[in-house]
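Peer 1: This structure is in structure tokens; I'll ask about it shortly.
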Amino acid sequence: MIVTELSKGIKLYLLVGGKGERLSSVTNGTPKPLVNIKGKPFINYVLDDLKGFDVTLVCSDSTYDYFKNLDIDVFNEGDRAGTGGFLMKLGESVPDSFYVMNGDTYFTGDLNLDTDESTVFVAEELVTDDVGYILGKNGKVEEFVEKNPFAKGKELVSLGIYKFYKKDITLPMRLPISIEYDILPNIELKYKVLNTVRFDIGTPERLEKFKTWLPT
């Protein structure tokens with residue numbers, strides 16, 4: 001269960017705007033968070049695992065029709081604007097503090113996301129050439145490393161979960177905006193290590209891994 005205890009009711013933006021081209025052989029054109037797994041959409045597993053948050057799905061024109069009838073708040077950013085573009089489109093309605101999380105990833109274990117600073121959540125994992133990780137010390141991020149083709153061994157891998165304070169963010173005056181490239185490197189960030197196994201369903205192989213793990 002992913003929880004917040006100190007800030008119950010805080011906004012969490014769940015990013016579901018992508019179509020998931022690498023998973024197209026399985027999804028048949030539907031967004032990957034809606035892929036059916038053992039009788040229910042993947043997104044339901046993610047939502048069932050969140051407690052204490054005010055969740056809003058962030059989608060784009062290309063995926064809005066798939067999510068608009070769900071019993072949950074949905075924000076349509078229009079044309080796809082990158083992982084951080086929705087913040088510009090929300091404008092003044094962006095809350096003073098909030099979480100952002102990818103909608104195509106499931107996490108195991110009991111995870112407490114309470115923190116009072118802008119924070120990136122990480123886990124110690126064996127790295128591959130297609131994941132980003134951080135270099136840090138004493139809870140402070142010193143450097144972001146994105147998709148290092150020479151990566152080996154264990155590093156603090158970004159889980160794609162972030163807490164932000166609006167006062168810390170300066171958005172570039174353009175779209176698209178990437179959280180990973182345009183926002184994170186320009187913030188004095190803390191990191192918090194979580195003990196979890198991450199299931200990213202972005203490829204058919206990763207999807208099958210989640211299905212195999214999922215309790216019956």
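The values are calculated or read from the model by the stated rules, or taken from the named source; none is laboratory data. Since the structure is predicted, the reported quantities are computational estimates derived from the model, not experimental observations. Reconstructed Cβ throughout: ideal geometry from the backbone, glycine too, with neighbour counts over all protein chains shown. Heavy atoms of the whole protein, side chains included, go into the accessibility calculation; ligands, DNA and RNA do not. Shrake-Rupley method; radii C 1.70, N 1.55, O 1.52, S 1.80 Å.
Peer 1: Please state which one of Leu70, Leu15, Leu47, Leu90 is in contact with a strand residue (DSSP E or B) (Cβ under 8 Å, 6 or more places away or on another chain), open to solvent by 10 Å² or more (accessible area, probe 1.4 Å), within 17 Å of Phe210 (Cβ to Cβ) and not polar (S, T, N, Q).
Peer 2: Leu47
Peer 1: Within the range 56-65, can one find any residue that is open to solvent by 30 Å² or more (accessible area, probe 1.4 Å), in contact (Cβ under 8 Å) with a residue 12 or more places away in the chain and in contact with a strand residue (DSSP E or B) (Cβ under 9 Å, 6 or more places away or on another chain)?
Peer 2: For the range 56-65, residues open to solvent by 30 Å² or more (accessible area, probe 1.4 Å), in contact (Cβ under 8 Å) with a residue 12 or more places away in the chain and in contact with a strand residue (DSSP E or B) (Cβ under 9 Å, 6 or more places away or on another chain): present.
Peer 1: Continuing with the same structure: Can you spot a residue in the range 191-210 that is under 13 Å from Tyr106 (Cβ atoms), in contact (Cβ under 8 Å) with a residue 40 or more places away in the chain and open to solvent by 70 Å² or more (accessible area, probe 1.4 Å)?
Peer 2: yes
Peer 1: Kindly establish whether Thr170 is under 29 Å from Val3 (Cβ atoms), assigned to a loop (DSSP other than H, G, I, E, B) and among the hydroxyl-bearing types (Ser, Thr, Tyr).
Peer 2: So Thr170 does not fit the description; no.
Peer 1: Here's something else I'd like to know. Name the residues in the range 78-87 that are at pLDDT below 95 and open to solvent by less than 40 Å² (accessible area, probe 1.4 Å), would you?
Peer 2: If the condition is that a residue be at pLDDT below 95 and open to solvent by less than 40 Å² (accessible area, probe 1.4 Å), then Gly78, Ala81, Gly82 are the ones that fit.
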